[in-house]
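For reference, the structure discussed in these notes is given below.
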Amino acid sequence: MTEPRIIPWKQIAVEAAAIVMSILLAFAIDAWWAEEKEREVEHESLQALRGDFISSREHLARVLRALADARANFARFQSATPAELTEMNPDVIRSIISGLVMTNTFDPVTATLDALANDGRLGLISDPQLLRHLSNWQTALNNIEDLSLELRTASLRVREATELHGGPFFRWQGSLDDLQVLQMPDGETLVDLRRDADLMGKARSHQYALRAYLSDLRGLAETLDSTLALLDQITS
């Protein structure tokens, strides 16, 4: 009579537990590695966003200064007496004539944000506050587009009106923000421009559009600064 076979249950249980633990450990390692890669991609995206915002802030600062100067130059042109206009030096005349059609508009750097949005990778950003800031930033950019178009249209009307006084004085090279004075008017030309009611009406409309655009840009600068400060905090 054969002896009953003894099954090594304890050994089987130990081996089974070891296999299960090995599988769970492999899954845990894979999950950890995936999380590490996501964190790495998120960090690289945040650094790229930060670089874009720094470039945008530098450009915006230049645009704000240029537009503020244009408004100051127009105010000087509008308030000066005919004698003062006649005696102005060429540099001042150039500033005034450029300010009449100033079109410097803000062109933000949005390459990283656009890429993240288009590829559906905004979900990589884990900070909900930053996501809200980025949404507010995009909304603010959309809101100034109409004002930018109004400013460019108003500047074109002034440019056309100046041509009746010996122009063209201006030419745009490459973009509307790259303005070149082709022909330097003298002080007498400034007097003639100031006396032209139609031109001055268009110039005031241009200044109104410029003021509205400048006001919105200053609000945009606050949104940009707060978003960049949050990015600095997250990436530090």
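Values in this text are rule-based calculations from the coordinates and carry no lab data. For clarity, every value in this text was computed on a predicted model and none was experimentally measured. Glycine also receives a Cβ, built like all others from the backbone with ideal geometry; neighbour counts cover every protein chain displayed.
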At what distance in nm do the modelled label points of Asp119 and Ala229 sit from each other, each positioned 7 Å from its Cα along Cα→Cβ?
3.1 nm
What number comes out for the charge environment of Leu190, summing +1 per Lys or Arg and -1 per Asp or Glu over other residues with Cβ under 14 Å away?
-3
